[in-house]
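**Student:** Take this structure first; my questions come after.
The values are calculated or read from the model by the stated rules, or taken from the named source; none is laboratory data. Every value quoted in this text rests on a predicted model; they were computed, and no experiment measured them. Cβ placement follows ideal geometry from the backbone for every residue including glycine, while neighbour counts extend to all protein chains displayed. Accessible surface is based on the protein model in full, side chains and every heavy atom, while ligands, DNA and RNA are left aside. Shrake-Rupley method; radii C 1.70, N 1.55, O 1.52, S 1.80 Å.
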Amino acid sequence: MTDHDHNELAIRPAREDEAGLLGSIALRSKGYWGYEEEFLEKYRTELEVSPAYMAKNYVVVAAQEGVVKGFYCFIVQEGTPCLDFFFVDAPYIGQGVGRAMWEDVLGYAQNQGWERFEIVSDPNAWPYFYRRKGCVKIGDKPSVVIEGRTLPLLEYCFKTND
């Protein structure tokens with residue numbers, strides 16, 4: 001039995017005092033893909049999670065022994081549910097944190113009665129994570145940070161209408 005068995009990963013609503021931490025986790029997670037510091041710095045503001053954002057949207061953390069290892073957020077834009085953030089802190093990537101969070105994402109979305117939700121993905125996360133989770137690419141979205149850069153627009157569907 002490993003130490004992990006004694007200390008389950010808890011997925012719980014984020015606390016307002018964790019807002020700053022979430023932005024740091026998002027930046028470190030994005031950095032996992034080998035982006036240069038200058039590139040990441042351009043995303044710093046975009047990856048911040050403010051208390052006001054947290055009050056309006058569904059923000060959840062994955063924590064173990066008091067350490068926040070990842071988080072995700074759902075927003076609804078023009079009636080479409082969107083997974084707005086989904087980040088595992090870089091030191092914990094590959095340790096099952098993302099898998100546990102993804103299961104929680106699906107449970108939450110199903111409890112909301114959603115048949116589908118969208119994700120604007122990092123180009124690296126799309127093939128290595130989201131495609132393996134059953135998401136399909138439905139288009140591209142222009143980056144709001146870097147002109148000329150596009151990001152994969154993904155969709156996860158619970159049921160298909162054959």
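**Student:** Might you tell me the accessible area per residue for the chain, computed with a 1.4 Å probe and given in Å²?
**Tutor:** With all protein chains present, the chain gives 58 Å² per residue.
**Student:** Let me ask something else. Which percent of the Cα-Cα distances in the stretch 52-124 go past 15 Å?
**Tutor:** Roughly 56 percent, rounded to a whole number.
**Student:** Hey, with R₀ at 30 Å, roughly what FRET efficiency would Leu40 and Asp17 work out to, going by the Cβ-Cβ distance, to 0.05?
**Tutor:** Computed FRET efficiency for Leu40 and Asp17 comes out at 0.80.
**Student:** If you don't mind, there's one more thing I want to ask. Once amide H atoms are built 1.01 Å from N in the peptide plane, which residues 5 or more positions from Arg116, or in another chain, come under 5 Å H to H?
**Tutor:** Under 5 Å from the amide H of Arg116: Phe158.
**Student:** Considering the options Thr45, Asn57, Tyr130, tell which one lies farthest towards the positive end of the dipole of the chain, charges being +1 on Lys and Arg and -1 on Asp and Glu at the Cβ, about the Cα centre.
**Tutor:** Tyr130
**Student:** While we're looking at this one, here's another question. Against the globular-protein guess of 2.2 N^0.38 Å, express the Cα radius of gyration of the stretch 1-127 as a ratio, rounded to two decimals.
**Tutor:** 1.05
**Student:** Can I ask one more? State, to one decimal in nm, how far the label point of Gln95 lies from the label point of Trp33, with both points 7 Å from Cα in the Cβ direction.
**Tutor:** A separation of 2.3 nm, rounded to one decimal place.
**Student:** Shifting gears a bit: Once neighbouring chains are kept in place and the probe is 1.4 Å, which whole percent of the accessible area of the stretch 1-65 is contributed by carbon and sulfur?
**Tutor:** In the stretch 1-65, the share of accessible area belonging to carbon and sulfur is 49 percent.
**Student:** Taking K and R as +1 and D and E as -1, what net charge do the other residues with C-beta under 13 Å from the C-beta of Asn57 add up to?
**Tutor:** With Lys, Arg at +1 and Asp, Glu at -1, the net is -1.
**Student:** Which value in nm describes the separation of the simple spin-label points at Tyr53 and Asn111, placed 7 Å from the Cα toward the beta carbon?
**Tutor:** For the pair Tyr53/Asn111, the computed spacing is 2.2 nm.
**Student:** Under 11 Å from the Cβ of Ile75, count the other residues' Cβ atoms, weight Lys and Arg +1, Asp and Glu -1, and hand me the total.
**Tutor:** -2
**Student:** Given only helices, namely DSSP H runs of n ≥ 4 each adding -39500 (n - 2.57), what is the per-residue ellipticity at 222 nm of the chain, to the nearest 500 deg cm²/dmol?
**Tutor:** -8000 deg cm²/dmol
**Student:** Please give me, ordered by residue number, the trypsin sites (Lys or Arg not before Pro) of the stretch 64-162 that lie in loop per DSSP and have at most 15 other Cβ atoms within 10 Å.
**Tutor:** Hits after loop and neighbour filter: Arg149, Lys159.
**Student:** Once the piece of chain linking Glu65 and Lys141 is laid out straight, how much longer is it, given 0.36 nm per residue of separation minus the C-alpha distance between them?
**Tutor:** 23.6 nm
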